1. On a full-extension model of 0.36 nm per residue, what is the gain between residue 170 and residue 51, subtracting their alpha-carbon distance, rounded to one decimal in nm?
2. Once both axes come from the Cα atoms, what is the angle between helix 112-126 and the longest principal axis of the chain, in degrees from 0 to 90, rounded to 10?
3. Specify whether the C-alpha gyration tensor of the range 70-229 places it in the rounded, prolate or oblate class, a ≥ b ≥ c being the square roots of the eigenvalues: rounded for a/c under 1.5, otherwise prolate if a/b is larger than b/c and oblate if not.
4. Given springs between every Cα pair under 10 Å in a Gaussian network model of the chain, which of 79, 214, 133 has the largest fluctuation?
5. Please work out how much length the chain gains when fully extended from residue 333 to residue 43, using 0.36 nm per residue of separation minus the C-alpha to C-alpha distance, in nm with one decimal.
6. Taking other Cβ within 10 Å of each residue's Cβ, how do 144, 312, 149 sort, fewest first?
7. Consider just the alpha-carbon atoms of the range 1-127 and return their Rg together with their Dmax, both in angstrom.
8. So for the chain, averaging the separation of alpha carbon pairs under 8 Å that are six or more residues apart and normalising by length, what relative contact order in percent results?
Ligand code: DAH
């Protein structure tokens, strides 16, 4: 028959073998309840002491205590080992390789229109023009009347206007239809000193949106006022601008035109940069590209600006950067500019 000492020896080897075979924390908890826990094998062995002859009990008690200490120590070692292994595994799984190439974030860039405007600003800056901003929400008076549009002059119909709803007694307010009212702001600010300003910005027209017209687009206005400024100065300025913008050898041509705020008024053309004036599809075989309007500032406008037209003269013009970009890059639809389609915008990084 197996003695209680044999049983304890078996229990010891069984418990240690089971512990060695335990590979996770749940298994450990299970092992504890089977061997060293309150209802485990050791507790049961302790209870069976009663059936052992009294002279053997002290020895058996020591043996049991030693076994309990041994098993509890083995448990702690196994538990620490498993916890360490779990932590190692977690760290290994989470490891970041800082030498891996990163994901480069997509970088934006300036919109094509802004690029053209910056180029224009730089060219005019070379000739001493300072960049000026003026409001997009404007008085009708500034947009039209001060620029020499009489109240019912048909020239007002050249531009379909977005008016702002105002109380009846308030002055008429609109979204500016051109950058020309900026001329008035600049003159009011500087008269009677000579001035040279470049006014880039958005303009608005209540127009059917098509490949050639948008409700919002940009213009840049240039204005020079001083003593003895003549049409030759305008022409020289335009020639310089055209060569800088379109390359050396670009020629300009002025055709008579009409604007209420200039007299005389002209349209400027440049030699087609695609065919160098020989004639092609872009210039419709004329050899010339139409860029925009300009002229000598009308005496009434000078007067409204605070300058004596007997003493001062000036030139002004207003061109469209989108048109300049369309011609330069062969863009055939103005709607591309502001439709928000990045496939278009990204081509001009
Ligand atoms: N404001 C005109 C337009 O929007 C363009 C223009 C023409 C501006 C002649 C000028 C100018 O300053 O002198 O069509």
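1. 31.6 nm
2. Between helix and principal axis, roughly 50 degrees.
3. On the way: a/c = 4.22, a/b = 3.01, b/c = 1.40.
It is prolate, given that a/c is not under 1.5 and a/b is the larger ratio.
4. Per the Cα network of the chain with a 10 Å cutoff, 79 tops the list.
5. Working: separation 290, 0.36 × 290 = 104.40 nm, distance 9.08 nm.
Full-extension gain reported as 95.3 nm.
6. Details: 144 27, 312 23, 149 20.
The most exposed by this proxy come first: 149, 312, 144.
7. Final numbers for Rg and Dmax: 34.9, 119 Å.
8. Working: 513 pairs, mean separation 49.4, N = 349.
Relative contact order for the chain comes out at 14 percent.
The numbers here are math on the coordinates, done by the rules we state, and not lab data. Here the structure is a predicted model, which is why all the values come from computation and not from measurement. Cβ coordinates were reconstructed from backbone atoms using ideal geometry, including for glycine residues, and neighbour counts include every protein chain displayed.
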